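Have a look at the structure below, then the notes.
The values are calculated or read from the model by the stated rules, or taken from the named source; none is laboratory data. Since we're looking at a predicted model, the values are computed, not measured. Cβ placement follows ideal geometry from the backbone for every residue including glycine, while neighbour counts extend to all protein chains displayed.
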Amino acid sequence: MRFHLVTLFTLALIALNTSLYSQDQPKHPPRGSVTFGAAAPPIDKSKNDPDNMRNVFVKISEEVAPAVVAVMPVGRQSNDASLPLQVQGLGSGIIISKQGHILTNYHVISTADTAQIKLADQTLLTAVKIGGDSLSDLAVLQIIVPIPDKLPVAFLGNSDNLQPGDWVAAIGSPFNLSSTITAGIVSALGRTVELDLPYQYFIQTDAAINPGNSGGALVDLNGAIVGVNSLILSPSGGFIGIGFAIPINLARRVAEELVYEGKVARGYLGISVQDLTPMLAKALGGGVKSGAVVTAVVDKGPSAKLGLEAGDVIVSLGRHLITSANELVNLAAAHRPGTKVKLTFFKGGKKEEAELTLGQHDKKTQMQQAKPAEGAPAKRSNTGNKCGVAVADINEKTRQKYGVPKETSGVAVTAVTPGILDERAMLQTGDIITRIKSSNGDWNTINSRKSYLSYANSLNEKDVVVMQVLRGGQTQFISFEIEKARKM
């Protein structure tokens, strides 16, 4: 069965009065002048009967749903100004300030600058887009004056306090059914999905969300917004119990930048990283159990100035311990460029600390950290060496076919021993092995098939090995344990 990631945006085309959407766009206010979110959560959970969950969700419906609106983007089907304006779809949004700011998904409003807003009491208002951020799939609208005097504002909670198993409610306008509330739990945290979003740390939930819920609220039992509902995993487009929401801590940071600046400025470390697995940790040595492994360092970037290198392991940024590569990227991006942060890392098995000044993330740096292209797995055949990976010397044809830079030395993967099921199974024909080490030794630079075989056949049973592999201009590490002697 094939599964698809589905953004929760419903398409609709409804003609509108053009004169309602000719207002000027609001100016960005001075930084610090807007209060984001209500002053306190609407529900005192301590007063709820824990044995009667019905009361909790009834309260959430009464107190929080009014601050969640239907968002209907407005535009024309072409650039012809004589054509009528139309509602082009349906999503949801969250009112986050008394000034009428509405937080929603970027994909809801990406093709429009104006939207019709429907409140829970069916009042229709007009809002304009004041900023959108495709990298996080978030955008902010602002209601055009006059803004209702008693505009309901949601309380923005702390998504860092969430744990798998926590009860949550999802509120939005699925299929144009405004103020719909469903209940479920937090299924997992820190999820990444196969979308072109460099900044993602999704909350997974089984609270039912469907097309039209994009931009709606994920709410905890205090009535605090903890996430922005964004997409589902589904084979058919309908909900099957796997939904994803953007954590409100990330969303709030983006919203503030969009309100004050109209764009998002993100901190940038100038490195590419991958997760530190238990096997990779053992191979790299130093006793590190958790962190992110540096795979590449951008020349003259912030991390290069500290002397960071591929194979170093970052274990904390500021006061935050690092548990994954994705977490490190998001933590750095949560700071403004120019911020000084303390970085703790292991180099050659030894702990070091240094202060780093974050750079500016832009399209150029995004390209530098692009994921390598995926290709066909290496063929399976006997390899004749203890590493279980057959290689060939790099020639000019290899360099041209696989885009190997002239200054890069190494060997090209040609085959993997049949029956291998660890990370070596992910190797592809044309991957370039540039360095190799075991947990008991130093890095060995590989510059020929002869040097590779000499090192590979010096390894012993149970040695844990790490290879530095270049694919499509991007570096990654694979780790494995040498098996018992067998036909290779």
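For the range 212-256, enumerate the residues that are closer than 25 Å to A115 by Cβ and free of Cβ contacts under 8 Å to residues at least 40 places away in the same chain. Matches in the range 212-256: F239 only.
Regarding the range 431-446, can at least one residue be identified that is in a loop (DSSP other than H, G, I, E, B), out of contact with any strand residue (DSSP E or B) (no Cβ under 6 Å at 6 or more places or on another chain) and at pLDDT 85 or above?
Scanning the range 431-446, I find at least one residue that is in a loop (DSSP other than H, G, I, E, B), out of contact with any strand residue (DSSP E or B) (no Cβ under 6 Å at 6 or more places or on another chain) and at pLDDT 85 or above, so the answer is yes.
For the range 270-299, enumerate the residues that are in a loop (DSSP other than H, G, I, E, B) and within 24 Å of the chain's Cα centre (by Cα). Across the range 270-299, the qualifying residues are G270, L276, T277, K289, S290, G291, V298.
Only one entry of K342, K350 meets the criterion of being surrounded by fewer than 18 Cβ atoms within 10 Å (Cβ to Cβ), under 25 Å from L189 (Cβ atoms) and over 21 Å from the mean Cα position of the chain (by Cα), and that entry is K342. Checking I240, I271 one by one, the residue that is of a type in the set (A, V, I, L, M, F, W, C) and farther than 30 Å from P174 by Cα is I271 and no other.
Name the residue that is surrounded by the most Cβ atoms within 10 Å (Cβ to Cβ), counting only residues in the range 138-157 that are under 22 Å from S61 (Cβ atoms) and in contact (Cβ under 8 Å) with a residue 40 or more places away in the chain.
As a first pass, look at the range 138-157 and keep what is under 22 Å from S61 (Cβ atoms): 148, 150-157.
Pick out the ones that are also in contact (Cβ under 8 Å) with a residue 40 or more places away in the chain and you get 151-157.
Values: L151: 17, P152: 19, V153: 21, A154: 28, F155: 20, L156: 22, G157: 23.
So the residue we want is A154.
Here R424 meets the list (1) at pLDDT 90 or above; (2) surrounded by 18 or more Cβ atoms within 10 Å (Cβ to Cβ); (3) over 28 Å from the mean Cα position of the chain (by Cα); (4) under 27 Å from G403 (Cα atoms) almost entirely, failing just condition (3).
On the given criteria, is G184 in a loop (DSSP other than H, G, I, E, B) and either at pLDDT 90 or above or touching a Pro at 6+ places or on another chain (Cβ under 8 Å) (or both)? In short, no.
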